[in-house]
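Report on the following structure.
The values are calculated or read from the model by the stated rules, or taken from the named source; none is laboratory data. Note that the coordinates shown come from a computational prediction; the quantities given were computed from them, not determined experimentally. Positions of Cβ are backbone-derived with ideal geometry, glycine not excepted, and every protein chain shown enters the neighbour counts.
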Amino acid sequence: MFETKILKVDVNAVMFKKGEDMPTITDEETLANIKIAAKELKDTNNPIGFPTETVYGLGGSALQDDSVKNIYKAKNRPADNPLIVHVSSIEQLKRKLLPQDYEIPPIYHQLIENLWPGPLTILLPVGEDSPISTLVTANQDTFAVRLPSHPIARALIALSDTPVAAPSANASTRPSPTLASHVYHDLQGKIPYILDGGACDVGLESTVVDGLSNPPLMLRPGGYSLEDIRKNGGDQWSNIVHVKKVAGKNEAVRTPGMKYRHYSPTAKVVLFLNCGDGIEAMGKYIKSNNLEPTTKIALLKSKSFVSAKELNNLITIERDLGTKGTEISHNLFAALREVDEMGVDVIFVEGVDETEEGLAIMNRLSKAALITIDGSV
Ligand code: TXA
Ligand code: MG
């Protein structure tokens, strides 16, 4: 057990000048707090919470089995799901993780040039004498790596000079955290420190691509869209294939009849697709499920749903996720957590088109939802 401490850091006080791999830090408290966290990473096997541009991460040394074990333990995450390794520079990636004279496969060169630092994760082969813990890779022959653009994340990794294995810093099955308070809510008592750098910009996790397969694959849509990858990767990425995991096939079903939960609040999430302004579909759902007058429903709406509060008194809370893909991504997890904590029983969410950022948004929403209602079928 820990008494979890929240360490404030100012994201605007940390800068990486072009071509430099070490940060310039202009605020004393920020520097002191990043140093505390960096020391913890270096000297202990305790995982710590830290901000990235996507979501908050739960980080520990990727080189130490015990650190990695403690990450899985704090999150209560199944150990067969491999973790992403975070580095502060390409120089650090080469020096700490790759064999001498190893050349990063050419298919990645343009992607890295254009999209790192940023929410892009690539797969690389695990070399013969790789220092990476086999618990990070779940014994696979590849490892996932990214260079985050968040100055606090980069500074933490640079100052500790430790490649950091980091899943999202939520308790397993819960929505990913985009504020330090989300991490505290889920992991309080289980970790010593959380670096609090405010809200994460992107709001959804990084895009995971596999350039070692032919054709190249997108394993998880995220902060960069499929269109971004095609546009910035060069010719070799023009035929990238989005691998959609078949729900229930690769994922363990814990209780018969219940879907594996992921990104899930406590309340039941109902996802509406192709339902126009939503009035008829929501009304029908409430009626056909005979919801009691005491049932509390929250509505998270975006582009097309109209305000439903006046129309049905079961809908007590309403939040606008925004209309642009970047806004919806930024707001989604925080809104799910917020209305959940207000104690609603059901959360209605308006789905979006699967173009640009919409693909990643719908990927998370379809996993969070217990029920999906498609107005087009
Ligand atoms: O934005 C992010 O990526 C966040 C922040 C904290 O950086 N991290 C994150 O990590 O989302 P995590 O552990 O929740 O997601 C890891 C993803 C999973 O979908 C996993 O299956 C995939 O990366 N992955 C990791 N290593 C892999 C490998 N060797 N082969 C295939 N997929 C891998
Ligand atoms: Mg996660």
Inset, instruction - Kindly indicate whether any position in region 272-292 is touching a helix residue (DSSP H, G or I) at 6+ places or on another chain (Cβ under 9 Å) and modelled with pLDDT under 95. - result: yes
Inset, instruction - Say whether the condition of being of a type in the set (S, T, Y) and surrounded by fewer than 17 Cβ atoms within 10 Å (Cβ to Cβ) is met by at least one residue in region 110-125. - result: no
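Here is a yes/no grid of residues against (1) surrounded by fewer than 20 Cβ atoms within 10 Å (Cβ to Cβ); (2) among the basic types (K, R):
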{"residue": "S307", "(1), (2)": "yes, no"}
{"residue": "R319", "(1), (2)": "yes, yes"}
{"residue": "T326", "(1), (2)": "yes, no"}
{"residue": "H330", "(1), (2)": "no, no"}
{"residue": "E338", "(1), (2)": "yes, no"}
{"residue": "M342", "(1), (2)": "yes, no"}
{"residue": "V352", "(1), (2)": "no, no"}
{"residue": "E356", "(1), (2)": "yes, no"}
{"residue": "L359", "(1), (2)": "no, no"}
Inset, instruction - Give I84, I132, I104 a once-over and let me know the one that is free of Cβ contacts under 8 Å to residues at least 24 places away in the same chain and either within 13 Å of ligand 1 (Cβ to nearest atom) or in contact with a Leu (Cβ under 8 Å, 6 or more places away or on another chain) (or both). - result: I104
Inset, instruction - Just name the residue that is surrounded by the most Cβ atoms within 10 Å (Cβ to Cβ) out of those in region 130-148 that are within 16 Å of ligand 2 (Cβ to nearest atom) and assigned to a strand (DSSP E or B). - result: R146
Inset, instruction - Examine region 275-297 for a residue that is closer than 22 Å to S176 by Cβ and either away from ligand 1 (no atom under 16 Å from the Cβ) or in the same structural domain as L204 (by TED's automatic domain parsing) (or both), and state whether such a residue exists. - result: no
Legend entry - Near pairs, Cβ below 6 angstrom, 6+ apart or cross-chain, from region 167-188 (among the basic types (K, R)) to any residue that is more than 12 Å from ligand 1 (Cβ to nearest atom): R174/D186
Inset, instruction - Check A37, A13 and return the single one that is more than 12 Å from Y193 (Cα to Cα) and not hydroxyl-bearing (S, T, Y). - result: A13
Inset, instruction - Kindly provide the set of residues from region 157-169 that are within 12 Å of ligand 1 (Cβ to nearest atom) and surrounded by 24 or more Cβ atoms within 10 Å (Cβ to Cβ), ordered by number. - result: I157, V164, A165, A166, S168, A169
Legend entry - region 293-335, residues that are more than 18 Å from Y263 (Cβ to Cβ), among the β-branched types (V, I, T) and within 28 Å of the chain's Cα centre (by Cα): I297, I317, T323, T326
Legend entry - Filter result for the condition that a residue is crowded, with 24+ Cβ neighbours inside 10 Å, more than 16 Å from ligand 2 (Cβ to nearest atom) and closer than 26 Å to F2 by Cα, over A37, A32: A37
Inset, instruction - Go through the residues of region 93-113 one by one and say whether even a single one is under 21 Å from the mean Cα position of the chain (by Cα), within 16 Å of ligand 2 (Cβ to nearest atom) and either among the hydrophobic types (A, V, I, L, M, F, W, C) or closer than 20 Å to K42 by Cβ (or both). - result: no
Legend entry - I361 vs. criteria under 20 Å from the mean Cα position of the chain (by Cα), in a helix (DSSP H, G or I) and not basic (K, R): yes
Inset, instruction - Hey, can you tell me all the residues within region 194-243 that are surrounded by fewer than 24 Cβ atoms within 10 Å (Cβ to Cβ), over 15 Å from the mean Cα position of the chain (by Cα) and part of a strand (DSSP E or B)? - result: D196, D210, L217, M218, V241, H242
